[in-house]
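To keep things clear, I will list the structure first and then write my remarks on it.
The values are calculated or read from the model by the stated rules, or taken from the named source; none is laboratory data. Everything quoted here is computed from the prediction, not taken from an experiment. Every residue, glycine among them, receives a Cβ derived from its backbone with ideal geometry; neighbour counts consider all protein chains shown. The accessibility values were calculated without ligands, DNA or RNA, using every heavy atom of the protein model including side chains. Shrake-Rupley method; radii C 1.70, N 1.55, O 1.52, S 1.80 Å.
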Amino acid sequence: MMKRIYLILILAMPLVMACEDFIDRPPLDQISTNDYWKSSADLQNYTAQFYLDFVEGHDGIPSASVRYEENSDNIVSTGVNNLLSGRVTPATGTWKSQWEIIRTINIFFDNYSRCEDDFSTWQHYLGEAQFFKAYHYFQLVKRYGDVPWYTHSLMPDDEELMKARNPRTQVVDSLLILLDQAFVNISGRNDAPWGNNSINKEAVLAFKTRVALFEGTWQKYHAMLNDQFSTPGANPDKYFQACVDAAEELMNGNYRVGIYNTGNPETDYFDLFSMSNMGSIDEVLLYKAYNIDEGYGHNANFYATTYPFGYGTTWSYVTSHLGRDGDSFDYLGLAETTKGNDFMVAIANNCDPRLHQNVWIPGEVISSISNIVWDKPPIDEGGAFQNSSGFQFRKYTNTTQTLNYADENDQGFIIFRYAEVLLNYAEAKYELDGVVAYEQLNQLRARAGMPDFTIIPQSTDPNRLDYGYSIPDELYEIRRERRVETVFEGLREMDWRRWAAHALFTGKRFKGYPFKQDEFPELTVHLDENGLIDILQSLIPNGNQFRPNQDYLYSIPLQELTLNPNLEQNPGWDN
């Protein structure tokens, strides 16, 4: 049997090597410096724990497809979304749990130099620690904006616990420096301990493009709206340049990257996310692996086919796809005469093949081992078995494995992939100097069997999105390509936040497919004037009521403001 290494084993192997010894140790932040930090194995053991908080648990894949994107215009539920509808309430407790990982990582930085082994034996683990600190600080910046920057672990009586928040740009600049240091120290994918199943140079560069693009667009578009969320004096171009530089290093350097393309445009995209062993796939820069034989599986198939939690994908997402000819497609025109299953089959046949590889279409095989095909969406089911919109997400399923809730699926969960880097590059490059990255975008189009990337005038698109402000046609198409390519990968909420694009959903309700009564003769559903399912019609008759002067950031927990008077509340939350 071919030997395979799994991300979970990164966590397990150090414990197996000295299980009883490890269990008997005191907490790592209480270990005497005389007892630890002496060997490269000590550093390896310590950094291994950071993988625990890096990705979700057994059901991380369905979490990515649903929970990570429920705060966006890609997903609609049977219930009202608190964030999009302006119903998030102030946090009343502390943020201690969100800072514990930062303190744990800083303990490493306080002590790693005590290692007595040759630097080359633990350089990679130093790079891992630098990466993880940057990663977790980025999560804090996305949530709170300005946050305190700590360079060492703090004790209860440390005066720095009472410091004010650092400006977000200062924090982002600091974490970008950390990523540059991590890039120097960490091994490349081919030399990393577990290849693309552990942090590697390629993954570091990919993450840097994400961070830099996020901050550049955040500063540009929030400053444009003058909504209090940008940083005075910030230079968006600095971050766009950082994104471009990191992407070009990855694209042009001696790295193992590429777009997965076997010449089968109707299946290649779907197959990429269905694989169990992604170790040989150049596009997958970092992923989490599972292993059914070792009792480490998940239930992605069950959630995607049987138990969608009341979620469905939206009309807005579906209609972002171009026709197979590379031009806009008139979805509403089709919906006037073609509904239900017939509508789904028609758009699968006539639109970008990535659509039917992300959304179930009637007649598609959902289980080759049981010879089961997709019949129709479960919009008539109850509770978590119901699909809200008629469009049900398909991504991450594996048709050769069980549909049961048995932790017996093992398709990998992609954390970073090269396609995102190309999209980050295309957006940053255009923002920086108005150049369209046709070569990079066409790699994605080629995999899907779509015509080359072209610029379509927004004025001719019957499905045009309203960002709340005008953007060039070129940028509009780059954003469209991003949405179509990366749906259900947890990026859409980040995207509308950094674009200051609450107009995408404010005052609107997310719709579903054109309902066909003959297919559900006993079912009564809310429909809009076009015959589309309007699941939230009675719950939010005036649409989502996002609070643009408040909801782009979460509140600082009230207890923290009491404990530290130097902290200031985020905009809009003082009331």
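Against the chain, whose longest principal axis is taken from its Cα atoms, helix 236-252 shows a tilt of about 90°. When the listed pairs Lys376/Lys511; Lys288/Lys508; Lys238/Lys511; Lys208/Lys508; Lys238/Lys508; Lys142/Lys201 are checked against a 27 Å cut-off, the alpha-carbon distance exceeds it for Lys288/Lys508; Lys238/Lys511; Lys208/Lys508; Lys238/Lys508.
Here is the size of segment 475-575 from its Cα atoms: Rg then Dmax, 19.3, 63 Å.
Where does helix 201-225 land angle-wise versus the long Cα axis of the chain, in degrees 0 to 90, nearest 10? Around 70 degrees separate the two axes. Carbon-plus-sulfur fraction of the accessible area of the chain, 1.4 Å probe, in percent? For the chain, the apolar C and S fraction of the accessible surface comes to 48 percent.
Note: the chain, Cα convex hull, 160 Å³ per residue. Here r is the Cβ-Cβ distance between Glu439 and Thr92 and R0 is 41 Å; the resulting FRET efficiency, rounded to 0.05, is 0.20. Across the protein chains, with a 1.4 Å probe defining accessible surface, the residues Ser72, Ser538, Ser459, Ser328 rank Ser459, Ser538, Ser328, Ser72 from largest area downward.
Entry comment: accessible area of the chain is 39 Å² per residue, from protein heavy atoms only and a probe of 1.4 Å. The H on the amide N of Cys351, modeled in the peptide plane, is under 5 Å from the matching H of Arg324, each at least 5 residues off or on a different chain. Entry note, segment 503-551: relative contact order of 46 percent, from Cα contacts under 8 Å with a spacing of 6+ residues.
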